[in-house]
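Before any comments, here is the structure.
The values are calculated or read from the model by the stated rules, or taken from the named source; none is laboratory data. Just so it is clear, the structure is predicted and the values come from calculations on it, not from any experiment. A quick note on method: Cβ atoms are made from the backbone with ideal geometry, for glycine too, and the neighbour counts reach across all protein chains shown.
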């Protein structure tokens, strides 16, 4: 891989070896291309820079000769084919990260964005380390070189200042003082630098000298420039005078919180050696897997190791518990949930995770992988490949088998050997664990000469397995250790038989749980096995709903559940959510008992019905002030929802309504950020359910109409969604279900946004609103108003001012309900409509409000759209630099989301800027890729806008056939919003091809289209329409062009259908 270096002598590095490149002329050309690596540099630009006013007789030929010499020199160095010809000039085909000057700029920008000061300092240091001397020194005196030298010198000085500020903020003034004083001597009037110098002197205890620096600079500014010091420098002077503590070294930072790790409630015994190895390995290696049998203590060791090294990872640690995840496809979503990243997630969860964790220095603890090991392995491998600073600590009964994995076996605790003394027995870790846990349930228990031998025997016969020891110790609350040992004689004969293979370890745990289960009374046994139906935990109310029933009375569930907690078979509800849970191995054991009792079908149905009741109770809350509470409750029940859906799919024939009602109740939940998951489940349920009541089918089809919305936006029309909404309406009317019918009408009316039967859409909305008003459904009314406003904006069924007022009314309605999603969505669409109407100045503050709400709530899907829209607004306002900055923000948000249409939208503004700069190849590639992404996502209107721009680029490049194809494709895709611009594009093609009459005809059709849709051309579109007019006028003359234009306006026909 080639690297080009200009921060010092110009040379290349190939395979680690420095290679010289030709003579000065070739090196100058290489430097010019390298400083714009990956971009086409026009021939005219290169000629001006290389020769200035002293042009050769044939500049074009001279440049070609120089390029040929450079290519030969590079080929001789081993780097052939890196300089390519690309109209209108040449391109150095290397990435910006392979040119030291560009790499420096990228590192400095990353450092500025980096929230962690330590990592930011590392990035600045890495950037500054790339300087090898004076940049482009051999070309000093050349105009282009002097400009670049000044720019690079300023970049270096700024990086040093910003790194110094980080070090000063950490109280390391003495460390940077010498460097700052040296720079201050070279740049005595640079106020920011002198301010840093004053702070460093103050931190070094040299207050008087700090004030002398200020006085000296003040005199110099007055004498040489007639200026006073800046307010910022005066503020530093005042802080020094007052001895402001903010200038002093800060106190030592508090330890990084590890809120994602559970609090340690008991001591960890017998794991010192494993803990030391785990903490060392998970820092040195990127994937460490703790392997061993169930109950060996893998989870405890993983959490303790993570706790010990939390402060070694800049972004701390995060724990992901997979015990409740049975569907392998759910593993990425479970990790998203654990990291708090679920939300606007109409994207692949693996891509989102990779994007979110790309720059994180984080230890990810993934617990209980064995039942989804293949999915875990695939995810971990992707994350490690895409996130260079991520470390993973996994626990599993089997290795993940991912390249680079280090396995750390977690074995049972060593048991005391036969013949050991009493002191040796008492010091044994297995014995100590048993004794401590026994004392916690019975403080009267004492480990002494009368008990230690028996306890040691119990430990031996349980093979030192921590879970088995803890369950046995829990029985000390009711049995003396002698009786416990006797029960082991009856129950655990297998524990002393042969090697501990995987199957043997499983039988050991089975025997331990068999023994614990035998101590339960009849009611406890019934509830214990029935609780296995829950995944990821449950509340008391859910346990009563799913588990009560003969022979277990509903009123006894609370008492029996409490006894199971006391016997360590259920983990108690210590959190604010009041949820209980089982250890996964205990739940698996209970599940086998449930199957053996023949109760799986009945309890599974009650569980599914309990989840259904919860989802149906949450559904109206999702459309009210209780939205956030409902979202949190459903997230907590994610695993139980998956289990209920799995049950519903298996019983679609005998219980069709359960699955239909469940997906119906979850439709808005999935819409608010889980589209892919919703599509999978809704289609699965509808696909296997032939029957079902009309009311159940109504809500299920309505959910399908939500989760399949293009671009994850409820007001985007879609034939599939319209079909589902129509099916929902028909079923709701058959069932007499007023609320589902009202929402189905609203969703069906969305088709009016695309211009399909706007009168019918209005009737649907009017009928829906009448029903929604009858039930005081303020959220539904706000949604219907949103749809009506969008139809007004897009289909122009009402005056624009009326549609604007409707949008403001809808946004206010959502705001009154505390629904940030609805408010942000409506404002975003209103802002876009204002831009379409030519009111860019009015659009910007509206879009900014939408973006601010989305940023506050973490609605990344909305945020990326708004940032991209603001970028295009900046372009229309004549500020391409701001447009590119906003493009970068939208692209960054899209990366955080994993992927997303916002980056494709941003590509529009980025490509227009590139086109204006003459970088046609870059514009073409950017537009083609982004348009394909939008078409694939079903966002055809915006795709058509990009394809129209692509047509212009192709036309200007001389490929008229491809340009015409692009514009006609835009006509097919875009609908009324994009139609006029595509027609203007065809006019440009016709003019470029010498057909002035065809150009006039297309311009006339475009003008008629703009009159019909009341959508004026924006500044970008108008520039192209003007090109077409100028071209046609040049071909026909002004009078003939005017006549052709008037004739075209008089003909009421489809100009595309009528053809040339």
Worksheet entry | Residue in segment 117-139 that is modelled with the highest pLDDT, counting only those that are within 24 Å of residue 41 (Cα to Cα) and in contact with a helix residue (DSSP H, G or I) (Cβ under 7 Å, 6 or more places away or on another chain) | 135
Worksheet entry | Within segment 1-111, strands (runs of 3 or more DSSP E) holding 3 or more residues that are within 41 Å of the chain's Cα centre (by Cα) | 2-5, 11-14, 40-42, 83-86, 89-92
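Condition check ((1) in contact with a helix residue (DSSP H, G or I) (Cβ under 8 Å, 6 or more places away or on another chain); (2) assigned to a loop (DSSP other than H, G, I, E, B); (3) under 25 Å from residue 627 (Cα atoms)) across all residues:
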site: 700; (1), (2), (3): yes, no, yes
site: 715; (1), (2), (3): yes, yes, yes
site: 726; (1), (2), (3): yes, no, no
site: 739; (1), (2), (3): yes, no, yes
site: 750; (1), (2), (3): yes, no, yes
site: 766; (1), (2), (3): no, no, no
site: 776; (1), (2), (3): no, yes, yes
site: 780; (1), (2), (3): yes, no, yes
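In segment 154-182, which residue that is under 32 Å from the mean Cα position of the chain (by Cα) and closer than 23 Å to residue 244 by Cβ is surrounded by the most Cβ atoms within 10 Å (Cβ to Cβ)? It would help to see each step written out before you state the result.
Taking segment 154-182 and keeping what is under 32 Å from the mean Cα position of the chain (by Cα), we get 155, 158-159, 162-163, 165-167, 169-170.
From what's left, closer than 23 Å to residue 244 by Cβ: 162-163, 165-167, 169-170.
Numbers: 162: 17, 163: 23, 165: 18, 166: 17, 167: 21, 169: 14, 170: 15.
This residue is 163.
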Discussion item. Filter segment 113-162 down to the residues that are in contact (Cβ under 8 Å) with a residue 60 or more places away in the chain and not in a helix (DSSP H, G or I) and list them by number.
Written reply: 114, 116, 130, 131, 132, 133, 134, 135, 136, 142
Practice prompt. Mind listing whichever residues of segment 67-89 are crowded, with 20+ Cβ neighbours inside 10 Å and over 25 Å from residue 15 (Cα atoms)?
Written response: 89
Item to complete: Please indicate, with yes or no, whether at least one residue in segment 376-393 is over 26 Å from residue 674 (Cα atoms), surrounded by 23 or more Cβ atoms within 10 Å (Cβ to Cβ) and in contact with a helix residue (DSSP H, G or I) (Cβ under 9 Å, 6 or more places away or on another chain).
Response: yes
Practice prompt. Could you list all residues from segment 864-914 that are under 12 Å from the mean Cα position of the chain (by Cα) and either in a helix (DSSP H, G or I) or within 24 Å of residue 826 (Cβ to Cβ) (or both)?
Written response: 864, 891, 892, 893, 894, 895, 896, 897, 900
Practice prompt. Confirm whether residue 777 is surrounded by fewer than 22 Cβ atoms within 10 Å (Cβ to Cβ) and closer than 30 Å to residue 731 by Cβ.
Written response: yes
Worksheet, complete the sentence: Taking segment 7-44 and keeping only residues that are surrounded by 16 or more Cβ atoms within 10 Å (Cβ to Cβ), in contact with a strand residue (DSSP E or B) (Cβ under 7 Å, 6 or more places away or on another chain) and more than 16 Å from residue 83 (Cα to Cα), one is left with 19
Discussion item. Testing residue 340 on (1) touching a residue at least 24 places away in the same chain (Cβ under 8 Å); (2) assigned to a loop (DSSP other than H, G, I, E, B); (3) closer than 30 Å to residue 894 by Cα, one condition comes back false. Which one is that?
Written reply: (1)
Worksheet item: What number of residues within segment 648-698 satisfy the criterion of being within 22 Å of residue 627 (Cα to Cα) and assigned to a loop (DSSP other than H, G, I, E, B)?
Response: 4
Discussion item. Of all residues being in contact (Cβ under 8 Å) with a residue 24 or more places away in the chain and surrounded by fewer than 19 Cβ atoms within 10 Å (Cβ to Cβ) in segment 956-970, which is nearest to the chain's Cα centre (by Cα)? Just the residue, please.
Written reply: 968
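For (1) under 24 Å from the mean Cα position of the chain (by Cα); (2) surrounded by fewer than 21 Cβ atoms within 10 Å (Cβ to Cβ), each residue gets a yes or a no:
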{"site": "634", "(1), (2)": "yes, no"}
{"site": "661", "(1), (2)": "no, no"}
{"site": "664", "(1), (2)": "no, no"}
{"site": "668", "(1), (2)": "yes, no"}
{"site": "673", "(1), (2)": "yes, no"}
{"site": "679", "(1), (2)": "yes, yes"}
{"site": "694", "(1), (2)": "no, yes"}
{"site": "700", "(1), (2)": "no, no"}
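Suppose the filter is free of Cβ contacts under 8 Å to residues at least 40 places away in the same chain and over 28 Å from residue 156 (Cβ atoms); does residue 64 pass it? Before you say what the answer is, go through the steps one by one.
Details: free of Cβ contacts under 8 Å to residues at least 40 places away in the same chain: yes; over 28 Å from residue 156 (Cβ atoms): yes.
In short, yes.
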Worksheet, complete the sentence: When restricted to 971, 986, the only residue modelled with pLDDT of 95 or more and assigned to a helix (DSSP H, G or I) is 986
Item to complete: Check every one of the helices (runs of 4 or more DSSP H) wholly within segment 552-630 and list those with 3 or more residues that are modelled with pLDDT under 80 and surrounded by 15 or more Cβ atoms within 10 Å (Cβ to Cβ).
Response: 584-596
